[in-house]
Amino acid sequence: MSSRDALDELIATLGAAAVRTDPDEIAGHVVPWRGDPGDARAVVRPADTDEVRTVVGWARRHRVRLVPQGANAGLVGASTPPAGSGAVVLSLVRLHREPVIDVADRTAVVDAGVRLSELNQAAARHGLCLPIDLAADPTLGGMAATNTGGARMLRHGDMRRAVLGVRAVLADDGCSVVDELTTLRKHNVGPSIGALLIGSGGAFGIITSVTVELQPLPADRACAWMIPRSDDAVVGCLARLENDRGDDLSAFEAVSAEALDAARSLPSVGAGPFGVGPAPSRSILVEFEGRAGAESRLVDALAGLCGDGLIDDAVVLPPDAAWAVRHGVSEGLAQRGTVVGFDVSVPRSALPALVHDVRRAVAAELPRAVVADFGHWGDGGVHCNLCVPHVDGGPVPPTPGERAAARELVLGL
């Protein structure tokens, strides 16, 4: 059977609304936020778990590669098929019923195509939220499939901690449905297949619904940007804050001068936290949340860090303004050049040596690349972004050889 006949079979089963082949519609699903565009034979948009099962069974019979896709909001290109793959995008945007929120139990049952902002808007009416903070607005299915953590993982953990249960379709002979959509926090009656799907990236099955544990909205929140004495002092600041202010600390982000400069190039960010002039070689965004009076407790903590010689300066900013700087880094870098990104996790004590070694190796082997590292030092994560600058306003992207060299340099350290 030809690929056209196979698609016609699926259209006859699900309807034209579920199978899109128009190139203009497909384009929105194969262009990643960052990276090279791909292509797809079609975009299939099932409306419920039974239709997902139908699509998976169809793909098995016709040996069609499926690429599951939520909001296509990631930065690593994994949600789009590569050019020439002959794949079909399985988009979950139509799995989109209203979240079912149990206020007393602090849980929400959510379809995979519901976006994080939509869930939090619904939960906020009850004084609740899913406290995973991201610069993008992903779907809940994508968040579970990638086990996303975000900027407040230090306090609230990743999706694996928040997810109580899933419903999913496996790619076995019978396209089995895993139905573990429990709202129970303690559910240890046996092995959990659903738990294996969290963080699997769709390799084991397609998540169609999740149950998540919600948290109360914080009564107060306060943020500051700090200039540490050194990279080693960043780790010292984190240890001091966790020891003395662990009940308040919700986020701890470290940003290099190159990354901060990229954010400051955006009109929405402007001069940034420290005004005009050269950016400090390293800066820290710290956030306190919880009971009322968070800013007063943060100021006291900053005074202690200064007295210990761990920081040289600090400025308290409204939370929205403080986070606008941090969330502007990726967009700023994209406007400056082609980004080859690496999301690396190491023990927190190893972070200063890691970023030093990356800079040394890149300067020696890939001198036209600018290292603009930043990220969640509070949980041991750092985005080792290598930005190849535009020349005369135009992109001069890295060659395949340079990309391979970058992978060897960063991942081999």
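Dividing the Cα radius of gyration of segment 299-392 by its Kirkwood radius returns 1.03 for Rg/Rh.
Taking the Cα centre of segment 1-124 as reference, the dipole from Cβ charges on Lys and Arg (+1) and Asp and Glu (-1) amounts to some 380 debye.
Applying the Karplus relation 6.51 cos²θ - 1.76 cosθ + 1.60 with θ = phi - 60° to segment 96-101 yields 3J(HN,Hα) values of 8, 7, 4, x, 9, 9 Hz, where x marks Gly and Pro.
Kirkwood hydrodynamic radius computed over segment 214-310 comes to 14.2 Å, based on all pairs of distinct alpha carbons. Using the Cα gyration tensor of the chain, with a ≥ b ≥ c the square roots of its eigenvalues, what is the shape: rounded (a/c below 1.5), prolate (a/b larger than b/c) or oblate (neither)? In terms of gyration-tensor shape, oblate. Here the calculated FRET efficiency for residue 193 and residue 365, from their Cβ-Cβ distance with R0 = 41 Å, stands at 0.40, rounded to the nearest 0.05. Against the main long axis of the alpha-carbon atoms of the chain, helix 3-14 sits at an angle near 90°.
Counting only Cα atoms, segment 63-137 measures 49, 26, 15 Å along its principal axes, largest extent leading. For the pair residue 308 and residue 219, a Förster radius of 41 Å applied to the C-beta separation gives a FRET efficiency near 0.90, rounded to the nearest 0.05. With respect to the chain, whose longest principal axis is taken over its alpha-carbon atoms, helix 231-245 is tilted by about 80°.
Largest GNM mean-square fluctuation among 326, 291, 125, using the chain with Cα springs under 10 Å: 125.
Gain on full extension, evaluated as 0.36 nm per residue between residue 276 and residue 98 minus their Cα-Cα distance, stands at 59.5 nm.
Before I look further, what does the chain give for accessible area per residue, probe 1.4 Å, in whole square angstrom? I get 44 Å² per residue for the chain. Here segment 51-182 is treated as an ellipsoid with the same Cα gyration tensor; its semi-axes, largest first and in whole Å, are 28, 18, 12. Take 352-360, 145-153 and order them by the average number of nearby Cβ atoms within 10 Å per residue, most first; the result is 145-153, 352-360. Carbon-plus-sulfur accessible fraction, the chain (probe radius 1.4 Å, protein heavy atoms only): 52%.
Karplus-based coupling profile of segment 149-162, in residue order and whole Hz: x, x, 6, 9, 4, 3, 9, 10, x, 9, 5, 4, 6, 8, with θ = phi - 60° in 6.51 cos²θ - 1.76 cosθ + 1.60 and x standing for Gly or Pro.
As a rough guide to protection, the peptides 223-230, 273-280 ranked by mean Cβ packing within 10 Å, highest first, stand as 223-230, 273-280. The residue list 346, 325, 369 was ranked by how far each Cα lies along the charge dipole of segment 281-413 toward its positive end, using unit charges on Cβ atoms, and 369 comes out on top. Proximity of backbone amide H atoms, modeled 1.01 Å from N, is registered between residue 199 and 145, 146, 147 at under 5 Å, excluding neighbours fewer than 5 places apart on the same chain. GNM remark for the chain: springs join alpha carbons under 10 Å apart, and the peak mean-square fluctuation among 113, 142, 15 falls on 15.
The values are calculated or read from the model by the stated rules, or taken from the named source; none is laboratory data. All figures in this text were calculated on a predicted structure; none of them were measured in a lab. Neighbour counts run over all protein chains shown; Cβ positions are idealised from the backbone, glycine included. Only protein heavy atoms, including side chains, enter the accessible area calculation; ligands, DNA and RNA are left aside. Shrake-Rupley method; radii C 1.70, N 1.55, O 1.52, S 1.80 Å.
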